[in-house]
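The values are calculated or read from the model by the stated rules, or taken from the named source; none is laboratory data. What you see is a predicted model; the values in this text were computed from it and never measured. Neighbour counts run over all protein chains shown; Cβ positions are idealised from the backbone, glycine included.
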Amino acid sequence: MYTDFVDELSKMFTGDQLLTAKSELIPYESDGLTAFKALPRAVVLPEQQSEVVDIVQLCHRYSVPFVARGSGTSLSGGSLPNTDGIVIGLNRLNRILSLDAEQRIAVVESGVINKNVSDAAHPYGLYYAPDPSSQGVCTIGGNVAFNAGGAHCLKYGMTSNHVLGIKAVLPDGNLVELGGSSLESIGPDLVGLFVGSEGLFGIALEITLRLLPLPEAYRTVLAAYPSMELAGDAVADIVASGLLPGAMEIMDNLTVRAVEESVNAGYPIDAGAVLIVELEGESSAVEEEFVNLQEIINESGAYNVRSARNEIERHLIWKGRKGAFGALGKISPAYIVQDGVVPRNQLGAALAEIDSLSQEYGVRVANVFHAGDGNLHPNVLFDNREDGMLEKAEALASEIVKMCVRRGGAITGEHGVGMEKRHLMTDMFSEQDINQMLRLTNELDQKGIANSGKMFPADRVPGI
Amino acid sequence: MLEPKSVKEVQEVVNTASTAMLIRGGGTKTALSTPYGNETVVDLSNLSGILEYRPEEFIFTALSGTPLENITEMLDENGQWLPFDPPMAKIGATIGGTLATGLSGPGRYRFGGARDFILGVKWVSGDGEIVSGGAQVVKNVAGFDFPKLMIGSLGRFGIISEITLKVFPKMNSFGTVEWDCGGIDSAITFVKEMTCTPIDLFALDLESNGIVRARLGGLSTTLNDRLARLSEYREGAKIILGEIEANLWDHLKEFLWLPDDYSLIKVPITPDLIPQLDACLADRQSHRKYSVGGNIAWIGWSGKIQDIDTLLSELNLGGLLIIGDSKTPWLGTASVMTVFADKVKRAFDAEERFLPL
């Protein structure tokens, strides 16, 4: 059966569009979650939307599993291949089809890189707001599949809040168009349902995005605190005051030192915690809010506060934060980054508990997070060359996520469930909730071929 | 008519109703809450109450039949609000009905609409079971986005029982600048220009006669300067403040401009398509208001529903009947029944206990 499939596939795709040699497949065996590896049987690189539809229809006919892949930056193993199936790489669907600056809309193919959208919009005084730290590499299609967030989603939301329309191919090969160009719609919000469905509902081909006017002014502050607790309290005070910053980020000492060694952003390396707060918007409003912000920070116990005086200084502050995950590679051969969410007033307590868990396991954790929305990123650092360390790190990572749920939070704020957290779904959802979700996937993907094995506990879905 | 008082009773109703169920909250959107045939009306007025409110987290959870006014009052006491101006609050709209119809008011322009504020949902599906999705934190991507699915779903997948929403700190001062652009074409050109400025407009509405209104909200200390700056964008600016300003926007939120016996239709649209729509409606007896930077057209229609249905189809636009008489509320090219929608329907209401899409 599979040989018939490959025969047909080879007739449809030739040359560098179809990869089958092991050496060609290895780059696709893993994504950002490097602890998981699986070799697909083949990789197909379509160059047109119609080719994607053809492949999916072929896969459906032969019941061959497929995994769509953008740039493979997923931190939850969302594009881990299925060893019985193929990977469909979308990077060549990289055209920005249209950009309507007057109506603030861009229509892009799913392989377009996130930052390229903002770059294309920039000459018109516009930008695409969702800014995951991988934005220079990750694709819009991947952002849609996982409802990507980023540091600036506190004020304007995640990917889902910026997608107006999606043209997608369903697992059975049917093409659908959801939503449109308007901010408003009629009928159930199926665009909203598709975003974040982790590839289980098919493959997005073309996406209509909304663009925002570039903020006129920014006020970016970097404050150093002797402890994480004080930094967390400062965030709570800022939120309680009614200010709505564009971003609020915290990094712990371990992270700050790694960042300085790697990026040299000028962070104070003796700080227990560093807080970045960024106000953005209309000049006069930002200036007024900045006065309020300074008052709050000055009374919050920060011992070193500086504000960016120009765009260069602002970029440097962000360079450190956005380079944090990469910088951790300097201080540890491997790490697992987690993504749990806690209610904001639990931040201090959650971090204290992470610290004691870290000591209990004897494994270091470097904390970086979107303090404004309670989205933690504990990076569990370990040496993967040491026997048993991967398992220990995974166990600690899971413990941290369970702790988040116990505190009324969520298992994932923006990285998605993928492979990595599927065993934790039952901590957050009841058996019944999971059954309901499976009803939907079974209806949309009766053959179980679209990114199957992801998102649900292993005993509920066909394995990879 | 059935009036369940608890979620358990809702489940019983779903299991025992003998005809397709039509769900009603406050009954304010009459086209969507009035039976056309022998539907079983399920009235959720008694499924009301705040289950949890955490002002420091900017989150609340309420039963779906809770009136918007009760919610607004509660949030107001803590200097918080739902910024998207949920409409028809004064005549008794409920939070469940607002989300099930997917209606947002002029404030949707600034921070987003109902879909951007919903965090969690529980609903009773066709088999009487509870489906839940989302979480009680502002950021979560675990599981499928069932909360968003419920927005605009008009009870086709089940009965919403409980909703969690995020709220924002309430703006304490407002002001509006109004211009007369002379006609709809100039008004559209001006609206498009205003949409791309870095001015943080709270609302941006226009009318057929060329009137454009831009609303600002924020700190009282900077409001006058910002209004002055906004006024410079075009000659003839008129600044409106105080109670008159508040009433102006209430008038729009509550559809007080809609004459009695007129139907009300919501048409999602983009600015470019407005002049043509307006021209087609101009010599018919109709009222039009264009909101959210030209992304919604509200049409007050005095004629037959079939006629507006045909007109919208000819213009390749879709509409939702909010007030009026029609068996199906989807008008024009509103393509609600797609392959995708059909599969979702079959997942949650295989036996069609609820109305069809």
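Any idea which of A:MET403, A:MET425 is buried (at least 16 other Cβ atoms within 10 Å of the Cβ), more than 30 Å from A:VAL256 (Cα to Cα) and in contact with a helix residue (DSSP H, G or I) (Cβ under 9 Å, 6 or more places away or on another chain)?
After applying the criteria, what remains is A:MET425.
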Among the residues of the range B:142-154, which ones are in a loop (DSSP other than H, G, I, E, B) and within 7 Å of chain A (Cβ to nearest Cβ)? B:ALA142, B:GLY143, B:PHE144, B:ASP145, B:ILE151, B:GLY152, B:SER153
For the range B:99-128, which positions are out of contact with any Gly (no Cβ under 8 Å at 6 or more places or on another chain) and without any contact (Cβ under 8 Å) to a residue 60 or more places away in the chain? B:PHE111, B:PHE117
Sort out which residues of the range B:149-192 are closer than 23 Å to B:GLU351 by Cα and among the basic types (Lys, Arg), and write them in order of number. B:ARG156
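Restricting attention to the range B:155-175, and to residues there that are more than 22 Å from B:THR66 (Cβ to Cβ) and facing chain A (nearest Cβ under 10 Å), which single residue is surrounded by the fewest Cβ atoms within 10 Å (Cβ to Cβ)?
Pass one, the range B:155-175, residues more than 22 Å from B:THR66 (Cβ to Cβ): B:171-175.
Checking the rest, the ones that are also facing chain A (nearest Cβ under 10 Å) come to B:171-172.
Working: B:MET171: 20, B:ASN172: 13.
In this case the residue turns out to be B:ASN172.
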Among the residues of the range A:230-248, is there at least one that is crowded, with 24+ Cβ neighbours inside 10 Å and under 26 Å from A:GLY165 (Cα atoms)? no
Lone qualifier among A:GLU261, A:GLU216, A:GLU280, A:GLU229 - being closer than 30 Å to A:LEU99 by Cβ and out of contact with any Phe, Trp or Tyr (no Cβ under 6 Å at 6 or more places or on another chain): A:GLU216
Is there a residue in the range B:306-314 that is in contact with a strand residue (DSSP E or B) (Cβ under 8 Å, 6 or more places away or on another chain), assigned to a strand (DSSP E or B) and surrounded by fewer than 19 Cβ atoms within 10 Å (Cβ to Cβ)? no
Take A:VAL67 and decide whether it is surrounded by 22 or more Cβ atoms within 10 Å (Cβ to Cβ), in contact (Cβ under 8 Å) with a residue 12 or more places away in the chain and in a helix (DSSP H, G or I). no
Looking only at the range B:163-182, decide whether some residue is at positive phi and either in contact with an Asp or Glu (Cβ under 9 Å, 6 or more places away or on another chain) or modelled with pLDDT under 95 (or both). no
Would a scan of the range A:236-246 turn up a residue that is of a type outside the set (Lys, Arg), more than 13 Å from chain B (Cβ to nearest Cβ) and under 27 Å from the mean Cα position of the chain (by Cα)? no
Report whether or not A:ASN292 is more than 30 Å from the chain's Cα centre (by Cα) and within 10 Å of A:ALA223 (Cα to Cα). no
Is the range B:181-192 home to any residue that is away from every other protein chain (no Cβ under 14 Å) and part of a strand (DSSP E or B)? no
I want to confirm something. Restricting to the range B:119-141 and keeping residues that are more than 9 Å from chain A (Cβ to nearest Cβ) and of a type in the set (Val, Ile, Thr), which single residue is nearest to B:GLU9 (Cα to Cα)? B:VAL124
Hey, could you check the range A:365-398 for residues that are β-branched (Val, Ile, Thr) and in contact with a Lys or Arg (Cβ under 9 Å, 6 or more places away or on another chain) and say which is nearest to A:ILE331 (Cα to Cα)? A:VAL380
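For (1) more than 7 Å from every other protein chain (Cβ to nearest Cβ); (2) in contact (Cβ under 8 Å) with a residue 24 or more places away in the chain; (3) under 22 Å from the mean Cα position of the chain (by Cα), each residue gets a yes or a no:
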{"position": "A:ARG407", "(1), (2), (3)": "yes, yes, no"}
{"position": "A:GLU414", "(1), (2), (3)": "no, yes, yes"}
{"position": "A:LYS421", "(1), (2), (3)": "yes, yes, yes"}
{"position": "A:THR426", "(1), (2), (3)": "yes, yes, yes"}
{"position": "A:SER430", "(1), (2), (3)": "yes, no, no"}
{"position": "A:ASP433", "(1), (2), (3)": "no, no, no"}
{"position": "A:MET437", "(1), (2), (3)": "no, no, yes"}
{"position": "A:LEU440", "(1), (2), (3)": "no, no, no"}
{"position": "A:ASP445", "(1), (2), (3)": "yes, yes, no"}
With respect to A:LEU293, determine if the residue is within 14 Å of chain B (Cβ to nearest Cβ), of a type outside the set (Val, Ile, Thr), touching a residue at least 60 places away in the same chain (Cβ under 8 Å) and not in a helix (DSSP H, G or I). no
Okay, strands (runs of 3 or more DSSP E) sitting entirely in the range B:1-97 with 2 or more residues that are touching a residue at least 24 places away in the same chain (Cβ under 8 Å) and surrounded by fewer than 17 Cβ atoms within 10 Å (Cβ to Cβ), I get B:50-54
Out of A:GLY242, A:GLY301, A:GLY232, A:GLY266, report the one residue that is assigned to a loop (DSSP other than H, G, I, E, B), closer than 30 Å to B:MET171 by Cα and at pLDDT below 90. A:GLY242
Over the range A:277-290, the set of residues surrounded by 15 or more Cβ atoms within 10 Å (Cβ to Cβ) and in contact (Cβ under 8 Å) with a residue 60 or more places away in the chain is A:GLU278, A:LEU279, A:GLU280, A:GLY281, A:GLU282, A:SER283, A:VAL286, A:GLU289, A:PHE290
For the range B:302-312, check the following and say yes or no: at least one residue is at the interface with chain A (Cβ under 10 Å from one of its Cβ atoms) and closer than 28 Å to B:ILE211 by Cα. no
Please determine whether any residue of the range B:155-174 is outside any loop (DSSP other than H, G, I, E, B), farther than 17 Å from B:GLY293 by Cα and among the basic types (Lys, Arg). yes
Regarding B:PHE111, is this residue among the aromatic types (Phe, Trp, Tyr) and either closer than 17 Å to A:SER197 by Cα or facing another protein chain (nearest Cβ under 7 Å) (or both)? no
Would you check if there is a residue in the range A:387-395 being within 8 Å of chain B (Cβ to nearest Cβ), free of Cβ contacts under 8 Å to residues at least 24 places away in the same chain and in a loop (DSSP other than H, G, I, E, B)? no
Conditions: (1) in contact (Cβ under 8 Å) with a residue 40 or more places away in the chain; (2) surrounded by 18 or more Cβ atoms within 10 Å (Cβ to Cβ). A:ASN253 meets all but one. Number of the miss? (1)
Is there any pair with a first residue in the range A:357-372 that is within 17 Å of A:HIS415 (Cα to Cα) and in contact (Cβ under 8 Å) with a residue 40 or more places away in the chain and a second that is polar (S, T, N, Q) and assigned to a strand (DSSP E or B) whose Cβ atoms are under 7 Å apart and which are 6 or more apart or on different chains, and what are they? A:VAL368/A:ASN379; A:PHE369/A:ASN375
Output the residue which, of all residues in the range B:195-226 that are more than 23 Å from the chain's Cα centre (by Cα) and among the hydrophobic types (A, V, I, L, M, F, W, C), is surrounded by the most Cβ atoms within 10 Å (Cβ to Cβ). B:ILE199
